[in-house]
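Worksheet for the structure shown next.
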Amino acid sequence: MSSFKILISENVAEICVSKLLEKNFEVAYRSDISADELLDIIRDFHGLIVRSATKVTSEVIQAGTKLKVIGRAGVGIDNIDLDTATRKGIAVFNAASANTLSAAEHTFALMLALARDIPKAHISIHNGEWNRSAFKGVELFGKTLGIVGLGKIGREVATRAQAFKMQTLGCDPLIETGDFERLGVEECDLHELFRRSDFMTVHVPLIAETKHLITEEHFAIAKSSLRIINTARGGVIDESALFRALESGRIAAAALDVFEEEPPVNNPLLELENVVTTPHLAASTNEAQEKVAAEIAESVANFLLEKRTDNIINAQILDRNTA
Ligand code: 3PG
């Protein structure tokens, strides 16, 4: 048995546990753990593995006096206080591309659900109705899709949209013009994207620069037929502005996999007829969960046993440790 103890605080695929056990780590699999209990027991652990629900706050990190590594079995790290981790010399890893395809596919599941009103039609037939005229949808063919963020997921969404013969527009200040051309995506700023899109989808992380990136002023210039999808992070779209735009008919519909507060509590968006929702499921496929679990187990084990830092997020801790 290695002397390192790892706490897994969320539902991850079994392969994560078995890989760690194979390397003789002591593993506590506590997917039911409360925030208070986490704070209470974290002091015993050298590694912590989470998904998006565990809030790895500054307080948790400070309490983790033995903590050396935090592994995120997924991509988004907005639930981890990266500054505190870095200041404390704790390595942070994620599984940066293991759930890309699942996220892109879920975006399309939601896009098609919006286009064809599938959730409402499903409920209607389950209520004993056969109301074919109530659910006339729209085709994706020939429509314009605005993609906010052309990282790994945004690019996969673009490819799939092109297969549907949609016109793809994109906005991403970090991407060079040549890349837009290679992707077959027309480069636009956010305002133009809103003016021209029939469908829009968001694929940026939640950081200070993207918090409420999309707000009232954008909905004000959108087509009234706009259908918007968010499988990225709740805070990227200002939910109050989105609610007003949807309620007033300023835009047509939204599909949301993510919320500013998860699970959403008294969120008025959930009362609207023109909102389709899923509970943060974009990465919840067998394939993605196997990949993220295996990848993060490797990163955490390699760091603790061999000091390997491939794909580390906060490389600054290395400069400090070697200084
Ligand atoms: C991610 O950031 O990887 C996705 O939002 C999935 O989050 P999850 O691991 O909590 O499902």
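In the context of the full protein assembly, V204 retains an accessible surface of approximately 30 Å², using a probe radius of 1.4 Å and ignoring ligands and nucleic acids.
Rounded, prolate or oblate: which fits the stretch 1-43 when a ≥ b ≥ c are the square roots of the eigenvalues of the alpha-carbon gyration tensor, with rounded for a/c under 1.5 and prolate only if a/b beats b/c? Because a/c hits 1.5 or more and a/b fails to exceed b/c, the stretch 1-43 counts as oblate.
The apolar share of the surface of the stretch 63-221, taken as the fraction of accessible area on carbon and sulfur atoms (1.4 Å probe, ligands and nucleic acids excluded), comes to 53 percent.
For the stretch 53-137, the list of trypsin sites (Lys or Arg not before Pro) that fall in a loop by DSSP and count at most 11 other C-beta atoms within 10 angstrom reads K136. Close amide H contacts of L226 (hydrogens built in the peptide plane, cut-off under 5 Å, sequence separation of 5 or more or a different chain): A252.
The phi-based Karplus calculation (6.51 cos²θ - 1.76 cosθ + 1.60; θ = phi - 60°) puts the 3J(HN,Hα) values of the stretch 33-48 at 5, 8, 4, 5, 5, 4, 4, 6, 9, 4, 4, 8, 10, 9, x, 10 Hz, whole numbers, x for Gly and Pro.
Calculate log10 I(q)/I(0) of the stretch 202-311 for q = 0.18, 0.19, 0.20, 0.21 Å⁻¹, where I(q) comes from the Debye formula with a single equal point scatterer on each Cα and nothing for solvent. Listed by q, the Debye log ratios stand at -0.89, -0.95, -1.02, -1.09. Name the shape class, rounded, prolate or oblate, that the alpha-carbon gyration tensor gives for the chain, where a ≥ b ≥ c are the square roots of its eigenvalues, rounded holds for a/c under 1.5, and otherwise prolate holds if a/b is larger than b/c and oblate otherwise. Prolate, because a/c is 1.5 or more and a/b exceeds b/c. Working note: 222 nm ellipticity from helices only, DSSP H runs with n ≥ 4, each -39,500 (n - 2.57), summed and divided by the residues of the chain, gives -11000 deg cm²/dmol to the nearest 500. Kirkwood hydrodynamic radius computed over the stretch 17-149 comes to 18.5 Å, based on all pairs of distinct alpha carbons.
For the stretch 211-247, the set of trypsin sites (Lys or Arg not before Pro) satisfying both a DSSP loop assignment and a count of at most 13 other C-beta atoms within 10 Å is given as K211. P(r) tail, the stretch 75-215: Cα-Cα pairs separated by more than 28 Å, 32% of all pairs.
Applying the criteria of a DSSP loop state and at most 16 other Cβ atoms within 10 Å to the trypsin sites (Lys or Arg not before Pro) of the stretch 137-195 yields K165. For the residues D78, D40, D117, a GNM of the chain with alpha-carbon springs under 10 Å puts the largest fluctuation on D40.
With N as its number of residues, the stretch 124-280 has a Cα radius of gyration that, divided by 2.2 N^0.38 Å, comes to 1.06. Rolling a 1.4 Å probe over the heavy atoms of the protein chains gives the chain an accessible area of 48 Å² per residue.
The values are calculated or read from the model by the stated rules, or taken from the named source; none is laboratory data. Please read these numbers as outputs of a predicted model, since none were measured by experiment. With ideal geometry, Cβ positions are generated from the backbone for all residues, glycine too; neighbour counts draw on all protein chains shown. For the accessible areas, the whole protein counts, side chains as well, though only heavy atoms, and no ligand, DNA or RNA atoms are used. Shrake-Rupley method; radii C 1.70, N 1.55, O 1.52, S 1.80 Å.
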